[in-house]
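Heads up: the structure comes next, in structure tokens.
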Amino acid sequence: MSKNLIRAAAAVLLLTVSACGSTKDSAAPAGGGGQGGTVGATVPLLTSPFWQAYNNYVPQMAAGEGVEILPTVNANSDPTKLITDLNNLLNQGVKGLVVTPLDSAAVVAGLEQAERKGVPVVAVDVAPEGGKVAIVVRADNKAYGVKACEHIGGKVKEGKVVQIMGDLASVNGRERSEAFRDCVKTKFPALQVLEVPAEWKADKAASGLEGVLTSNPDVKAVYMQAGGTYLAPTVQALQRKNLFFPVGDPKHVVLVSNDGIPQELEAIRKGELDATVSQPADDYAKYGLHYVKRAMAGEVFKPGPTDHGSVIVETRPGILEDQLPAPVVTKDNVDDQGLWGNQL
């Protein structure tokens, strides 16, 4: 429940809760009411190592939070299936949902169904465009695009750079794309951005990048918005075009990605990848379950700093996000054991 939905005239006793910016609402919805209950969780796909890692973290973190949880449900990259999955979970009587939307607009139908049943929802990684969620747990995706832009701009002074985009039906794909594009235009105007719409799909990344490289063999850098899906096809496309050279070679095409999976960290160590922005797969699972447990108990969250190094912000009326840290990983810090990709 967002603070914007709390009516000033309601007879509600608000008790301040420390650490994560929340209040306790004695008029909590029927789905919570402090009674606990089973939680349902969805994953958007399991073909990416990032989401495989998140999927494995969910039961571990549920145990740590003392949350009873059903086996995760895989939407298999299908927004329609996700809505069906949410309805099925609600029909099984879950009292809370942790959901990763595929399509930020399409998921609203599922959120509305959960609201009708009084079941609180925490969105993970992707923010919805409407509907009601207790909170969104994600990193600042605009910062992903900016960090990638700045890293590339620090190494490439002029020429063509490619960004392999995510699904533009997802706010994540839109924010990363727009931020990268805007950053290049503002800070590095001597760079020319070429774009590959890939929808988080490896085959689309491969075919799209191959076409770009055929017409533009002078590409100087590639930004991959999802390293878990795009790294392998990007390397293979560069190899087929005889454009793959190690970091430090004058002919090296600078490569920057997002995810922070073990494969990316190993590629950095081997001098194949310049940098990645580490999305916190472990903390996505941990805090998704942490917040849904509290929402089921009737807590209402509010903007402000948390006790885990992040800040809850209101990105638009009624939508709060706990924007978790997402560090840039390079050869200088790739062996940091605090990175989740080094803990698997």
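The values are calculated or read from the model by the stated rules, or taken from the named source; none is laboratory data. These numbers were taken from a predicted model, which means no experiment stands behind them. Heads up, the Cβs are rebuilt from the backbone with ideal geometry, glycines too, and the neighbour counts pull from every protein chain shown. In case anyone asks, the SASA skips ligands and DNA or RNA and just uses the protein heavy atoms, side chains included. Shrake-Rupley method; radii C 1.70, N 1.55, O 1.52, S 1.80 Å.
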Checklist entry - In the range 242-263, what residues are of a type in the set (S, T, N, Q) and in contact with a Pro (Cβ under 8 Å, 6 or more places away or on another chain)? => result GLN263
Checklist entry - Pairs, please: C-beta under 6 Å, at least 6 apart or cross-chain, first residue in a helix (DSSP H, G or I) and in the range 135-146, second among the β-branched types (Val, Ile, Thr) and surrounded by 24 or more Cβ atoms within 10 Å (Cβ to Cβ)? => result TYR144/VAL277
Next on the checklist: I'd like to verify a number: residues in the range 175-210 that are in contact with an Asp or Glu (Cβ under 9 Å, 6 or more places away or on another chain) and among the polar types (S, T, N, Q), how many?
Outcome noted: 2
Checklist entry - For the range 315-334, which residues satisfy the criterion of being touching a residue at least 40 places away in the same chain (Cβ under 8 Å) and among the charged types (D, E, K, R)? => result GLU321, ASP322, LYS331
Item to check | Lone unmet requirement of (1) modelled with pLDDT under 95; (2) in a strand (DSSP E or B); (3) open to solvent by less than 30 Å² (accessible area, probe 1.4 Å) for THR315 | outcome: (3)
Next on the checklist: For the range 89-129, which positions are part of a helix (DSSP H, G or I) and either acidic (Asp, Glu) or over 22 Å from GLN52 (Cα atoms) (or both)?
Outcome noted: LEU90, ASN91, VAL108, ALA109, GLY110, LEU111, GLU112, GLN113, ALA114, GLU115, ARG116
Checklist outcome for this item: Residues of the range 63-82 being within 19 Å of the chain's Cα centre (by Cα), farther than 19 Å from LEU168 by Cα and hydrophobic (A, V, I, L, M, F, W, C), in sequence order, are VAL73
Item to check | Those residues of the range 261-286 which are part of a helix (DSSP H, G or I) and either of a type in the set (Asp, Glu) or at pLDDT below 95 (or both), in sequence order | outcome: GLU264, GLU266, ASP282, ASP283
Checklist entry - Quick check, is GLY228 at pLDDT below 95 and in a helix (DSSP H, G or I)? => result yes
Checklist outcome for this item: Those residues of the range 49-60 which are crowded, with 23+ Cβ neighbours inside 10 Å and either outside any helix (DSSP H, G or I) or aromatic (Phe, Trp, Tyr) (or both) amount to PHE50, TRP51, TYR54
Next on the checklist: I want to confirm something. Restricting to the range 163-187 and keeping residues that are part of a helix (DSSP H, G or I) and under 15 Å from SER104 (Cβ atoms), which single residue is most open to solvent (accessible area, probe 1.4 Å)?
Outcome noted: GLU178
Next on the checklist: Suppose the filter is outside any strand (DSSP E or B), closer than 20 Å to ASP274 by Cα and either touching a strand residue (DSSP E or B) at 6+ places or on another chain (Cβ under 8 Å) or among the polar types (S, T, N, Q) (or both); does LYS155 pass it?
Outcome noted: yes
